[in-house]
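Below you'll find the structure, written out as structure tokens, and then a few comments.
The values are calculated or read from the model by the stated rules, or taken from the named source; none is laboratory data. Bear in mind that the values here come from a model prediction, so they are computed numbers and not experimental data. Ideal geometry is used to build each Cβ from the backbone, glycine not excepted, and the neighbour counts take in all protein chains shown. Surface areas here come from the heavy atoms of the whole protein model, side chains and all, with no ligands, DNA or RNA. Shrake-Rupley method; radii C 1.70, N 1.55, O 1.52, S 1.80 Å.
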Amino acid sequence: MTATYQKRGLKFLYPENWKLTDEADTDLPCSISLETPDGGALWAVHLYEIDSDPDEILKTTLATLQETYPDLEITPCQTDFAAANGTAVEALFYCLDFLIRARLQVIPNREYQLLFWFQAEDREFDKLELIFQALATSVLQG
């Protein structure tokens, strides 16, 4: 079954058994995140002012991630979903004994610069990627 999120001009569908964390009532930047039932994967959308620089958003986010995970490996990648072509980055890092893959991409909508964050253990990422993309597409079309 699916649940619907609708707040702050965003509307999207998500799996009802995923744990929702909603910071949309706070000042920008803020985030809405979803975690799989087992806690092994994370999908998030971070909202920034529409006039924010997308490259600066990515640069700042990656710098913060690198402070926590000094072994962070960053690779540019191309994505193509929801008619929102653009450059994204993939980051690999170790958390405990797990190799984690995160994909980050900034896409503007009518009101915000949206930073999408897809994250899962590397060996599970490909299985979850279509769900992550469907969630982001739902946000962009909502």
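Details
- Rolling a 1.4 Å probe over the heavy atoms of the protein chains gives the chain an accessible area of 55 Å² per residue.
- Among E49, E121, E129: highest mean-square fluctuation, GNM of the chain, C-alpha pairs under 10 Å: E49
- The distance between label points at T21 and E111 comes to 2.2 nm (points 7 Å beyond Cα on the Cα→Cβ vector).
- Amide H to amide H, with H built 1.01 Å from N, L99 comes under 5 Å of D122, counting only residues 5 or more places away or on other chains.
- Taking a straight line from the alpha carbon of K127, these lysines sit under 27 Å away, with near neighbours fewer than eight places off in the same chain left out: K11, K19.
- ³J(HN,Hα), Karplus 6.51/-1.76/1.60, whole Hz, each residue of segment 123-132, x for Gly, Pro: 6, 9, 4, 4, 5, 8, 4, 5, 5, 4
- Residue-by-residue Karplus 3J(HN,Hα) for segment 19-28, coefficients 6.51, -1.76, 1.60, Hz, glycine and proline x: 7, 9, 10, 10, 10, 5, 7, 9, 5, 6
- Label-to-label distance for L13 and D51 is 3.7 nm, based on points extended 7 Å past Cα in the beta-carbon direction.
- Net lengthening on full extension, T2/D122 (0.36 nm per residue, minus Cα-Cα): 40.6 nm
- Close amide H pairs (under 5 Å, H built 1.01 Å from N) link A41 with T36, residues at least 5 positions away or on another chain.
- Amide H contacts for T79 (H built 1.01 Å from N in the peptide plane; partners 5 or more residues away or on another chain; cut-off under 5 Å): G86, A88.
- Of the options (i) 15.5, 47; (ii) 14.4, 40; (iii) 18.5, 61, only one is Rg and Dmax of the Cα atoms in Å as computed from these coordinates, and that is (ii).
- Using just its DSSP H runs of length 4 or more, each adding -39500 (n - 2.57), the chain gives a mean residue ellipticity at 222 nm of -8500 deg cm²/dmol after division by all residues.
- Remark: segment 52-68, residue by residue, has Karplus-estimated 3J(HN,Hα) of 5, 7, x, 5, 5, 4, 4, 4, 5, 4, 5, 5, 5, 4, 5, 5, 7 Hz, where x stands for each Gly or Pro and the curve is 6.51 cos²θ - 1.76 cosθ + 1.60 at θ = phi - 60°.
- Note on the chain: with neighbouring protein chains present and a 1.4 Å probe, carbon and sulfur make up 50 percent of its accessible heavy-atom surface.
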